[in-house]
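To start, the structure itself, in structure tokens.
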Amino acid sequence: MNPLLEANLTLILFLPWFLILATLFWFWPREPRGAARRLYDVVALLLSLAAFVASLYWVQDIADPAHGRMWKHILATALGYGVFLGALLVAVLVRALLFGRRRTPVA
């Protein structure tokens, strides 16, 4: 297998699922949606993807090769996916604090 393809196989395989999660993150909740919210969403998605890629390469470097060639990919996939979901969860919680709907008091 091509070494470049082997190193990025996890990212290639998870890309469709990450696109689905990114779409859900982008469109939920629908309101409020302004320029600041769009910028926040783009930055949050890029940081989540960057955290995934960084954890992917880090785990592949530290995984014990004594367990087989595929172990480093399996471990990197599991931990990288957790990192991506964790980063998105933090982004959702921070977004709710920053851009939550402003409720008007009932008179």
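Residues being farther than 24 Å from TRP71 by Cβ and within 16 Å of the chain's Cα centre (by Cα): count how many of those fall in segment 17-38.
Of the residues in segment 17-38, the ones farther than 24 Å from TRP71 by Cβ are 19-38.
Restricting the remaining residues to those that are within 16 Å of the chain's Cα centre (by Cα) gives 19-28.
Counting residues in segment 17-38 that are farther than 24 Å from TRP71 by Cβ and within 16 Å of the chain's Cα centre (by Cα) gives 10.
When you check ALA51 against the structure, is it among the aliphatic types (A, V, I, L, M) and modelled with pLDDT of 90 or more, yes or no? For ALA51, the condition - among the aliphatic types (A, V, I, L, M) and modelled with pLDDT of 90 or more - is met.
With respect to the stated conditions, VAL83 fails to be within 12 Å of PHE25 (Cβ to Cβ), out of contact with any strand residue (DSSP E or B) (no Cβ under 6 Å at 6 or more places or on another chain), β-branched (Val, Ile, Thr) and open to solvent by 40 Å² or more (accessible area, probe 1.4 Å).
Can we say VAL92 is at pLDDT below 80 and β-branched (Val, Ile, Thr)? Against the criterion (at pLDDT below 80 and β-branched (Val, Ile, Thr)), VAL92 does not qualify. Among residues of segment 6-24 that are more than 17 Å from ALA51 (Cα to Cα) and hydrophobic (A, V, I, L, M, F, W, C), none has a Cβ under 6 angstrom from a residue that is modelled with pLDDT of 90 or more and part of a helix (DSSP H, G or I) at a sequence gap of 6+ or on a separate chain.
Any residue at all in segment 67-79 that is at pLDDT 90 or above and part of a helix (DSSP H, G or I)? Checking segment 67-79: at least one residue is at pLDDT 90 or above and part of a helix (DSSP H, G or I). The number of residues in segment 57-85 that are free of Cβ contacts under 8 Å to residues at least 12 places away in the same chain and not hydrophobic (A, V, I, L, M, F, W, C) comes to 7.
You will find that of LEU98, LEU11, LEU45, the residue that is part of a helix (DSSP H, G or I) and surrounded by fewer than 16 Cβ atoms within 10 Å (Cβ to Cβ) is LEU98 and no other.
The values are calculated or read from the model by the stated rules, or taken from the named source; none is laboratory data. Given the structure is predicted, the values throughout are model-derived calculations rather than measurements. Note that we place each Cβ from the backbone using ideal geometry, even for glycine, and neighbour counts take in every protein chain shown. The accessibility values were calculated without ligands, DNA or RNA, using every heavy atom of the protein model including side chains. Shrake-Rupley method; radii C 1.70, N 1.55, O 1.52, S 1.80 Å.
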